[in-house]
Structures are given as structure tokens and as C-alpha cells.
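The structure appears below as C-alpha cells.
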Amino acid sequence: VQLVESGGGLVQAGDSLRLSCEAPGSTFSINAMGWYRQAPGKQRELVAAITRGGGTTKYGDSVKGRFTIFRDNAKNTIYLQMNSLKPEDTAVYYCYAEAFGLFHWGQGTQVTVSS
């Protein structure tokens, strides 16, 4: 499963940013997709996840109420709308897709939030 991420960048605290992750090609095997993030010196943590049908979403505690994950199945793409960004959201964000119990990862995109 190939994943192509886009949308990272440098923003100020309080700003918004949208990430996207496309899974081109045959995606019938994908059960769920989402993002993890990893800040320097910290473990990778779940940001958000969404099931194939989009009916179930899950968020990390630190982003609940600020981030929203949604998908466009026609485009094989998921999106992460990030609002009210904080400096502690600074990290590399990795898109993933879970298929048959295996995780496939995107190349990662840097999000930097300045105070």
C-alpha cells in the first residue's frame, strides 16, 4: 500500500492546517487509516484514526476537540483538519493504513507551530 502525504508546514499558535493522505491504486484491503505523530525525543503517538467506511473515528486525548479526521473514499484520501494548533503539536506526522493486520506508513510531513 503506497501512501502520499501532503499539507505540513510552519504556522503560528492558534492557526489551522489540513493534512491529506492519499492511498492511490487498489485499496480494498485497507481497514483503517489515520495519523501518528512523533516529536523529537518522544514516542510516536496516535493522533487520529478512521475506519474504512468512515463510521468510526478515534482521537488522541491531546487533540480531541481540535482535530477532525474525515475521508473521501472516491479519492482514496483521508484528511486531518487541525484547528487551534499549539506549539506542542509540533512533530512529524505519519499517515498509516492498516490492511490485514499490517501497518503501512507514509513518508511523514513536518508540522511546526510557533508560539
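Restricting to the range 88-102, and then to whatever is under 14 Å from the mean Cα position of the chain (by Cα) and part of a strand (DSSP E or B), can you tell me which residue is surrounded by the most Cβ atoms within 10 Å (Cβ to Cβ)? Filtering first and then ranking leaves 95. Take the residues in the range 44-73 that are part of a loop (DSSP other than H, G, I, E, B) and not small (Gly, Ala, Ser); name whichever of them is nearest to residue 32 (Cα to Cα). Step by step, filter the range 44-73, then rank; the result is 52.
Filtering the range 76-87 to residues that are free of Cβ contacts under 8 Å to residues at least 60 places away in the same chain and open to solvent by 40 Å² or more (accessible area, probe 1.4 Å) leaves only 76.
Within the range 60-75, the set of residues being touching a residue at least 12 places away in the same chain (Cβ under 8 Å) and surrounded by fewer than 18 Cβ atoms within 10 Å (Cβ to Cβ) comprises 60, 62, 66, 68, 70, 73, 75. The combined condition, being within 12 Å of residue 31 (Cα to Cα), open to solvent by 30 Å² or more (accessible area, probe 1.4 Å) and not small (Gly, Ala, Ser), is fulfilled by residue 51.
The values are calculated or read from the model by the stated rules, or taken from the named source; none is laboratory data. No experiment lies behind these values; they were computed from the predicted model shown. Cβ atoms come from the backbone with ideal geometry, glycine included; neighbour counts cover every protein chain shown. Quick note on the areas: whole protein, heavy atoms, side chains included, nothing else; ligands and nucleic acids left out. Shrake-Rupley method; radii C 1.70, N 1.55, O 1.52, S 1.80 Å.
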